[in-house]
Structure formats: C-alpha cells, structure tokens
Amino acid sequence: MNLDLSLEIIGQQVKAVSIQGATANLVTGIASLSEAQVGDLSFLGNTKYQSLVPACEASVILVPLDYEGLPRANQAFVRVNNPSEALGLICEAVAERLFPKPISGVHPSAVIHASAKIDKTAMIGPLCVIEEGAVIEAGAVLVAHVYVGRFAKIGEGCHLRPHVSIMEYCQLGKHVQLHSGVVIGSDGFGYSTVKGVHHKEAQVGIVVVEDEVEVGSNTTIDRARFAKTLIGRGTKIDNLVQIAHNVQVGPHCILVSQSGIAGSTQLGSHVILGGQAGLAGHLTIGDGSMIGGQGGVINSLPAKSYVRGTPCMPINQEMRLHVLYKRLPDLNARVTELEKRLPAQKNPCADLQV
C-alpha cells in the first residue's frame with residue numbers, strides 16, 4: 001500500500017484545526033503509534049496510549065486538541081477534534097484509490113437465466129450464477145462466484161463479495177454489503193422426531209435484509225419456516241454469526257462475531273450482542289439492550305437491559321458475583337480450618353460439601 005499523501009493534503013482531508021511542526025516526507029503508510037516508522041501516518045485515538053507519542057517515529061500524527069506534547073524534528077502533529085474520526089476520513093479517501101468502483105457489465109463466464117432481470121448499470125463478475133426470475137437492480141456489484149437463486153432480489157447498490165449465496169426468493173434492500181462466504185436463506189434447522197426418527201420440516205419462508213445492512217464473512221441467516229426472517233435497516237453483523245429461522249432483528253443492531261440467535265427470537269432496535277453471545281429461541285429482547293460477550297440469554301429482556309454471564313444477569317450483579325467466585329478458594333480453606341478446630345460431635349460443618 002503506497003499512499004503518497006503530503007502533509008498539506010492530510011490537513012485538508014481531516015479539516016485540521018492546526019498543524020504543528022513539518023515534514024518533508026510523503027506519507028506512504030498507516031501504522032499504530034508503537035509500530036509506525038518514518039513515512040507513516042499514526043494517530044492518538046485513546047488517551048491511554050499518549051505515552052507512546054514522544055517515541056513514535058511516524059512522520060505525521062493525528063492528535064487531539066488538548067494533547068500537550070510537541071513534535072520531533074521532521075515530524076508534524078495534525079491537531080483535530082477527534083483523531084479516530086479524522087483517521088476514518090483518511091481511510092475513506094485511501095479506499096477510493098485502492099478499491100475503485102467496478103465497471104458495469106456482465107463477465108462472459110457468468111451463467112444467467114434468460115428470465116433474470118439485470119440492470120445495465122450492475123456488474124456481474126466471473127463465474128456468477130443467476131437463476132430464473134432473479135432481479136439485480138441498478139449499481140449492484142456481484143464480484144465473483146456469487147450465486148443468486150430463483151426469484152431472489154438484489155437491491156440497488158448492493159455489493160456482494162466472492163462466494164456469497166442468496167437462496168431462492170430472498171430479498172436484499174438497497175446498499176447491502178455481504179462479505180465473502182455469506183449465505184442468505186439456508187434452510188432453517190427444523191425437525192420433527194417421530195418414533196425416534198428425525199424428519200425434516202420444510203422451510204418455505206424467506207429472508208428479507210433491509211437497506212444499509214452489512215454482513216461479515218461466513219455468516220449464515222436461515223430462511224423462515226414460514227413468513228420471513230428479517231434483518232432490520234442499518235444493522236451490522238460481524239463474521240461467523242448464526243441467525244436461525246424466523247428471527248426478527250430490529251434496525252441498527254450490532255451482532256459481534258460468533259454470536260448466535262435461536263429460532264423466532266425478536267430483537268428490538270439498537271440491540272448489541274457481544275462476541276459468542278447466545279440467545280435461546282422465542283425470546284423478546286427490548287430496544288437498546290446490551291448482552292456481554294459469551295452471555296447466555298434464556299429469558300426475554302426489557303428495553304435497555306445490560307446483562308452478562310451464563311445464564312445472563314444484570315451486569316452489576318454479575319460483576320459482584322465474579323468477585324465472590326475469585327474468593328471461593330480462600331473461603332474453602334477457611335471452612336476447612338474451622339472444621340479441624342471444632343470437636344467432631346459438635347461440628348456444624350461436618351456434612352457441608354464445598
């Protein structure tokens with residue numbers, strides 16, 4: 001990656017409040033404070049790392065307005081209101097150069113059913129397969145090896161990366177981003193057990209993904225047993241997440257890697273699931289709730305719940321219990337010592353199992 005950004009250009013892109021120092025070096029890379037070398041851009045996004053700034057060799061460092069240090073020789077501090085946000089602006093500009101907008105058209109190796117409707121501004125990459133009745137709207141990008149099932153719909157401006165599968169009848173809204181390996185509309189996990197034999201239940205519903213949703217690599221969203229599995233507008237889903245049949249995820253939720261939601265559970269708006277959180281089926285999770293990493297949710301939660309642990313409980317209660325857990329070895333030792341001191345016939349702890 002070679003950026004070739006001058007100090008002047010960086011200052012303009014981040015709308016710098018002021019610039020201290022100067023450097024003759026073009027910025028050719030981006031690195032953390034501890035790893036940056038001459039020619040790199042770095043940033044102080046968290047005050048706990050400010051002790052790393054004086055020794056940082058980056059040519060340009062984005063710092064907050066209240067940072068009191070001064071730049072080294074041939075180094076510049078670009079002072080901004082929010083260094084993390086400013087770095088985001090730089091990365092957006094870099095992304096436009098590194099990942100240019102694909103050119104519309106259909107690659108000759110793509111296999112497309114005659115009845116499929118593909119907007120002329122869409123891009124269909126190598127070895128894509130588009131089945132009967134599928135619709136690809138304006139500006140959609142199917143990079144390569146993308147499968148679109150019968151009568152599925154890909155909305156305007158969607159971006160589907162390699163090896164994404166959109167199964168039959170499923171629908172994507174506008175500007176949905178799906179990373180490699182995502183499967184939308186895999187069969188829900190439904191079986192009836194009769195006389196010890198598991199019989200598959202037909203999964204005849206669909207998945208609807210609303211506008212501005214982003215889904216990370218190798219995440220699976222199951223089609224509904226009937227009706228629809230729904231992912232609400234603006235929701236962001238990490239890699240390796242499992243969403244079961246008939247789940248309803250509200251708008252603007254955050255689902256972190258390896259979390260899983262069992263069938264027919266409903267999430268309100270702005271719900272956050274930490275990594276490896278697991279939700280049982282047929283629950284309702286209220287708006288604005290937060291489930292900590294590895295949290296196990298077995299009951300419905302009211303709005304703005306903040307829980308952690310398995311089974312989950314309010315965060316303050318779980319933290320107190322965590323402190324007590326750490327004290328159990330000492331407590332056990334004390335009880336054992338008390339048992340030794342008491343006469344056997346009067347020992348109230350004789351039957352105590354610790």
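Values quoted throughout were computed directly from the atomic coordinates according to the rules given, and no laboratory measurement underlies them. Since we're looking at a predicted model, the values are computed, not measured. So basically every Cβ, Gly included, is an ideal-geometry build from the backbone, and we count neighbours across all protein chains shown.
What nm value, rounded to one decimal, do you get for the distance between K120 and L98 when each label is placed 7 Å out toward the C-beta? Taking the two extended label points, one gets 3.5 nm. The Cα atoms of region 261-322 give a gyration tensor whose axes a ≥ b ≥ c have a/c of 1.5 or more with a/b greater than b/c, which makes the shape prolate.
Residues whose amide H lies under 5 Å from that of Q177, counting only those 5 or more places away or on a different chain, are H159, V213, E214, V215; hydrogens are built 1.01 Å from N in the peptide plane.
For V135, the residues 5 or more places off, or on other chains, whose built amide H falls under 5 Å of its own are K117, A152, K153, I154. The M319 and L70 beta-carbon pair, evaluated with R₀ = 51 Å, returns a calculated FRET efficiency of approximately 0.80.
Normalised radius of gyration (Cα atoms, divided by 2.2 N^0.38 Å) for region 7-98: 0.95. What the phi angles of region 332-341 give under the Karplus curve with 6.51, -1.76 and 1.60, with θ = phi - 60°, is a coupling list of 4, 5, 5, 5, 4, 5, 4, 4, 5, 7 Hz, glycine and proline written as x. How much length would be gained if the chain were fully extended between S6 and N46, taking 0.36 nm per residue of separation minus their Cα-Cα distance, in nm to one decimal? Additional length available on full extension: 11.9 nm. Using a Debye calculation, one point per C-alpha and no hydration shell, please list log10 I(q)/I(0) for region 105-314 at q = 0.11, 0.13, 0.17, 0.18 Å⁻¹ in order. Reported log10 I(q)/I(0), two decimals: -0.51, -0.69, -1.05, -1.14. Here the 3J(HN,Hα) profile of region 38-46, calculated from phi with Karplus coefficients 6.51, -1.76 and 1.60 at θ = phi - 60°, is 4, x, 9, 9, 9, 8, 9, x, 9 Hz, Gly and Pro shown as x. Under Stokes-Einstein, with the Kirkwood radius over Cα pairs as Rh, the value for the chain at 25 °C and 0.890 mPa s is 101 µm²/s. A straight line joining the Cα centroids of region 129-148 and region 96-118 runs 8 Å. When only alpha carbons are used to place a centre, region 232-304 and region 10-53 end up 37 Å from one another.
Partners of K326 within straight-line reach, counting aspartates and glutamates whose Cα lies under 15 Å from its Cα and excluding those fewer than 8 residues away in the same chain: E318. Placing a pseudo-label 7 Å from each Cα along the Cα-to-Cβ vector at H282 and V17 gives an inter-label distance of 5.6 nm.
Cβ-Cβ distance of L127 and H198, R₀ of 22 Å, FRET efficiency by 1/(1 + (r/R0)^6): the value works out to about 0.05. Stretched out straight at 0.36 nm per residue, the stretch from K236 to H175 would grow longer than its current Cα-Cα span by 20.7 nm.
Evaluated at q = 0.20, 0.22, 0.25, 0.32 Å⁻¹, the base-10 log of the normalised Debye intensity for region 112-151, with identical point scatterers placed on the Cα atoms, takes the values -0.49, -0.60, -0.77, -1.18. Placing +1 on each Lys and Arg Cβ and -1 on each Asp and Glu Cβ, with no other charges, gives the chain a dipole about its Cα centre of roughly 1000 debye. Backbone amide hydrogens, once placed in the peptide plane, bring I30 within less than 5 Å of L41, excluding anything fewer than 5 places away on its chain.
Phi angles across region 113-119 convert, under the Karplus curve 6.51 cos²θ - 1.76 cosθ + 1.60 with θ = phi - 60°, into 3J(HN,Hα) values of 5, 4, 8, 5, 10, 10, 4 Hz, Gly and Pro given as x.
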